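In what follows, a structure is listed as structure tokens, so that the remarks can point back to it.
Laboratory data are not the source of any read-out in this text; all were calculated from the coordinates shown. Keep in mind the model is a prediction, meaning the values are calculated, not measured. We place every Cβ from the backbone using ideal geometry, glycine too, and count neighbours over all the protein chains shown.
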Protein chains: 2
Amino acid sequence: MPDYQVFVLDNVTLQSGFTLRSARLVYKTYGSLNARKDNVIVFPTFFGSQHEANEPMILPGMALDPGKYFILVPNLFGNGLSSAPSNTPPPYDQARFPPVSYYDNIHCQYRLLTERFGIERIALVCGFSMGAQQSFHWGALFPDMVERIAPWCGSAKTSRHNFVFLEGVKAALTADQAWQDGWYQAQPTKGIRAMSRVYAGWGPSQAFYREKIYLQLGFSSLEDYLVQAWEDRFLKLDANDILAMIGTWQQGDTSDNPLYHGDIHQALGAIKAKAIIMPSQTDQYFPSADSEIEVRQMPNAELRIIPSKWGHLAGGPGRNPADTQFIDKNLKELLAS
Amino acid sequence: MPDYQVFVLDNVTLQSGFTLRSARLVYKTYGSLNARKDNVIVFPTFFGSQHEANEPMILPGMALDPGKYFILVPNLFGNGLSSAPSNTPPPYDQARFPPVSYYDNIHCQYRLLTERFGIERIALVCGFSMGAQQSFHWGALFPDMVERIAPWCGSAKTSRHNFVFLEGVKAALTADQAWQDGWYQAQPTKGIRAMSRVYAGWGPSQAFYREKIYLQLGFSSLEDYLVQAWEDRFLKLDANDILAMIGTWQQGDTSDNPLYHGDIHQALGAIKAKAIIMPSQTDQYFPSADSEIEVRQMPNAELRIIPSKWGHLAGGPGRNPADTQFIDKNLKELLAS
């Protein structure tokens, strides 16, 4: 029996003009919605993950305590649970899955919250990486609904450098002839393994590798780490799903919508939510320098840098206990304020 | 008429145990060797380049002034001028080109200097990136011969993170079926284009992309920069040559030889040359933190960080005038000392 719920969206007109037909938004909830419906936390998923990857931060005693809050984890389009190339029926399957933006994701999540649950206020939207980018969008698209946001290891707008890093990931995956322009019958595993090696250079930091932290994690060698932690992780995904999520990420821009017309300064300025922004000190593609620039444009935000050698991975829920604790402590403080 | 000379090495027994047959070392000289043979500068080439790429730093009035010095630029094995998969006759051609180490390169360069020119002292060995790595090797392998070294944007030992970055580059290239395990009849251009996109994320820095410096350089867009500056650059190379050079780079370790038996502390401590080490402030794969660690182990070395937003590219000779000038100024100071 699945551990999740499905919200049927039917046909969704996307920002791109395409229609996502038979669309479904998969989500899981933790805890109970109280009578006043004021204990809602939205915790969207990150790249290449599904809701269960967030669960190490949803525990009694932690900030996201299901005994206190009603925590809703919506799955990102493209992740294989919510609508994705791998689960969408023809004719919009595989290479024809349309481009889906963060704007589209957030609007569908909004429908879920309002239509299914009658929620009008959100105590907190928080998340890691692509989940962080969704948090910024929630804050800017629904400024009167969202009381707090806590994005970590993510930006309001995908930087050009981050875009280029993802070009490399995509190019490695699609160099495999077995990919067949997205019309494969079997997964292009050589390409997925190649993109895993590309990704492995970006995910952790220089210091992570310098200090051989992968050995402390139980991997027997650097090669074992690359195969087991990276190739195995991405081999579990569908190639077109990976590309769909990367497409959303690359075009990520909180201001690219009818509200802000591409004016990121205006979009960030419109976020009323009280915010704590947590970049990792050693993140190579969501560097803290980018977060500093964005925080300066937000009226009610504070920058708190995760003092980690884990690079981007610092933000992976439960990945590194010290970093998870840092994030959790700040979430508690934000929720108490 | 070629602008270079060929030093025929015949059969070279490599550190790997393989024999590089019909080996040739291609070099170019600038200026004249004086009577005392004490005006020698060795300036080895970097990844994916040939001697002419060094020429923007070999000019009258610059530190490497051909009016004063005899400047010798040896081409790296694998670069297509010196022995490489693309120019080695069967049976050691293409996928059978043997692994060549920096130790092998430096020993062959030593033979060139001593056997052809009777050189016993070197005023300076300097270089960028893989040229920097060769400079460290020269200093450690011939400590009584080398008076000064100036490696910039390079390390004495390839870090694990740097190794992983190169795993991504290799994986992207070799994901192309046209590569055929190295036995291609035509270049695997899709794979070369893929590795170019991977590389493009690493070469410059986050700040380079954030400030859109590529537009100031005359590229019309980010995409134009990726195609013209990166794909076009690597499409000029042979795929197996690229892999041969990466192999040398990945195994780079100044101490991995019969003198130092893998003890990098001992190897760095043995360098008698006066040294100025110049990492770029924003280099993503030869980060200044690595150089700091290495400099601390060298008895006669000083760290001077290139204050640049160009990432690794800061060190490319003539690439960015301000950074080239910074390096040149330090070379002058080192040569005058």
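Counting neighbouring beta carbons within 10 Å and listing from fewest to most, the residues A:Thr88, A:Thr19 come out as A:Thr19, A:Thr88. Dividing the summed helix terms, -39500 (n - 2.57) for each DSSP H run of n ≥ 4, by the number of residues in chain A produces a 222 nm estimate of -9000 deg cm²/dmol to the nearest 500. Return the tail of the calculated pair distribution for chain A, meaning the percent of Cα-Cα pairs more than 36 Å apart. Considering chain A, 14 percent of its Cα-Cα pairs are separated by more than 36 Å. Only beta bridges with both residues in the protein assembly as shown are counted; by DSSP, about 40 percent of them are antiparallel.
Measuring nothing but how far apart in sequence close Cα pairs (under 8 Å, 6+ apart) lie, relative to its length, chain A scores a relative contact order of 18 percent. For region B:214-286, the relative contact order is 12 percent, taking Cα pairs closer than 8 Å that sit 6 or more residues apart in sequence and dividing their mean separation by the residue count. Sorting B:Ser337, A:Ser308, B:Ser159 from the fewest to the most surrounding beta carbons within 10 angstrom yields B:Ser337, B:Ser159, A:Ser308.
Taking every residue in A:155-165 and counting other chain Cβ atoms within 10 Å of its Cβ, the average works out to 5. Taken over region A:196-332, the ratio of Cα radius of gyration to 2.2 N^0.38 Å equals 1.20.
If you take the Cα centroid of region A:147-220 and the Cα centroid of region B:234-291, the two points sit 25 Å apart.
Given a cut-off of 32 Å, name the pairs among B:Lys68/B:Lys170; B:Lys68/B:Lys212; A:Lys68/A:Lys272; B:Lys28/B:Lys332 whose C-alpha atoms lie farther apart than that in the structure shown. In this structure, B:Lys68/B:Lys170; B:Lys68/B:Lys212 exceed 32 Å between Cα atoms.
Per residue, the convex hull spanned by the Cα atoms of region A:162-246 amounts to 90 cubic angstrom. Amide hydrogen proximity for B:Val26: with H placed 1.01 Å from N in the peptide plane, the residues at 5 or more positions away or on another chain lying under 5 Å are B:Phe7, B:Asn75, B:Ser82, B:Ser83. Distances between copies of B:Val8, taken at a point 7 Å out from Cα along the Cα→Cβ vector and listed shortest first: 8.1 nm.
Sorted fewest first by neighbouring Cβ atoms within 10 angstrom, B:Lys37, B:Lys309 come out as B:Lys37, B:Lys309. Only Cα pairs under 8 Å and 6+ residues apart enter the sum, and on that basis the relative contact order of region B:150-280 stands at 36 percent. For region B:105-187, state which GluC sites (Glu not before Pro) are in a DSSP loop and have at most 15 other beta carbons lying within 10 Å of their beta carbon. Within region B:105-187, the qualifying GluC sites (Glu not before Pro) (loop, at most 15 other Cβ atoms within 10 Å) are B:Glu120. Largest first and in whole Å, the equivalent-ellipsoid semi-axes of region B:253-319 read 25, 13, 10, each the square root of five times a Cα gyration tensor eigenvalue. The rule of thumb for compact globular proteins, 2.2 N^0.38 Å, goes into the C-alpha radius of gyration of the protein assembly as shown 1.04 times. Between this copy and the others, label points of A:Ala95 are 2.8 nm apart in ascending order, each placed 7 angstrom from Cα in the Cβ direction. Summary for A:Pro66: label point 7 Å along Cα→Cβ; distances to the equivalent points in the other copies, ascending, 7.4 nm.
Loop-located trypsin sites (Lys or Arg not before Pro) in region A:186-268 (DSSP state not H, G, I, E or B) with no more than 16 neighbouring Cβ atoms inside 10 Å: A:Lys212, A:Lys236.
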